[in-house]
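All remarks here apply to the structure that follows.
Any read-out appearing in this document is the output of simple, stated calculations on the displayed coordinates, not a laboratory observation. Model, not experiment: these values are computed from the prediction. FYI the Cβ positions are ideal-geometry reconstructions off the backbone, even for glycines, and counts take in every protein chain you see.
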Amino acid sequence: MKLDSVTRNGLLELAKKRIYLEGNVLKVITAEVGDTEFKKYLEEARKKDKTSRRKRLEVTKQVQLQNKELVSKQEENDALMIDLQEALKSAKESEQEANKLREAAEKSKDKALEDLDLLQKKSQFELIGTIVRVALWVIIGVGVLTTVMYGIALASGTDTQIIGSTWSNMFGILLTNAFSIVGTIMGVKYATDNGKENS
């Protein structure tokens, strides 16, 4: 395809500003025989078009490579996000399980403390009961022994004035001691219960 002189001169003027034709149209344009200037223009335009195509191709390849890398990175990020979500879910489940275990441990601790408190109270009651029984047997034994001695003294005709007053004093002391023991035990129990409530 040959161009008219106006178009040819316009293209040569644009070439001075470093603007050349590009694309497949260069394949069909030919110069007039003997028109070396336009022939040189076409060669230069084809050369620049070829360089420009090569650069565009390189840019395209580079963009495709970068896109491929971006897609790969996106897939890695997606996989990491899935792993992170699973890890967070697992951590949350572990925390919930730990909370359940903590609650169970607290309940077991409270139950153990209640059992220990009950056992201590039971032991205290048993100890108090034993002390009271022994004290009462001692008091009853001393009272019976003193009464038997007083009875023997009365039966044998011995002077019982001293033994009688001793016998009545002994019963007064035994009763006082019995109440003192019971009062002390109750006071200790009351003080122990108040100490536990305050702590």
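Charges were assigned to the Cβ only: +1 to each Lys and Arg, -1 to each Asp and Glu. The resulting dipole of the stretch 119-198 about its Cα centre is roughly 300 debye. Under 25 Å of direct C-alpha separation, and excluding same-chain neighbours fewer than eight residues apart, residue 40 reaches these lysines: 2, 16, 17, 27, 48, 50, 55.
Estimated from helices alone, the mean residue ellipticity of the chain at 222 nm is -32500 deg cm²/dmol (sum of -39500 (n - 2.57) over DSSP H runs with n ≥ 4, per residue).
Within straight-line reach of residue 111, meaning a Cα separation under 27 Å, sit the following lysines at least 8 residues removed in sequence or on another chain: 100, 121, 122, 189, 196.
The slack in the chain from residue 101 to residue 188, taken as 0.36 nm per residue of separation less the alpha-carbon distance, amounts to 27.4 nm.
So, with +1 on the Cβ of K and R and -1 on the Cβ of D and E, and no other charges, what is the size of the charge dipole of the chain about its Cα centre, to the nearest 20 debye? Result for the chain is approximately 1980 debye, rounded to the nearest 20. In terms of Cα to Cα distance under 16 Å, which aspartates and glutamates are near enough to residue 39, apart from those fewer than 8 places away along the same chain? Straight-distance partners of residue 39: 4, 13, 22, 49. Please give the helix 5-16 orientation as an angle from the longest Cα principal axis of the chain, in degrees from 0 to 90, rounded to the nearest 10. Between the helix axis and the principal axis of the chain, the angle is about 50 degrees.
Counting Lys and Arg as +1 and Asp and Glu as -1 over every other residue whose Cβ lies under 11 Å from the Cβ of residue 62, the net charge comes to +2.
Rg/Rh for the stretch 111-181 stands at 1.33; both radii use Cα atoms, and Rh follows the Kirkwood definition.
Multiplying the residue separation of residue 9 and residue 125 by 0.36 nm and removing their Cα-Cα distance gives an extension gain of 29.1 nm.
Entry note, the stretch 119-198: relative contact order of 35 percent, from Cα contacts under 8 Å with a spacing of 6+ residues. For the stretch 8-33 versus the stretch 42-57, the spacing of their alpha-carbon centroids is 13 Å. Placing pseudo-labels 7 Å out from each Cα toward the beta carbon at residue 85 and residue 40 gives an inter-label distance of 6.8 nm.
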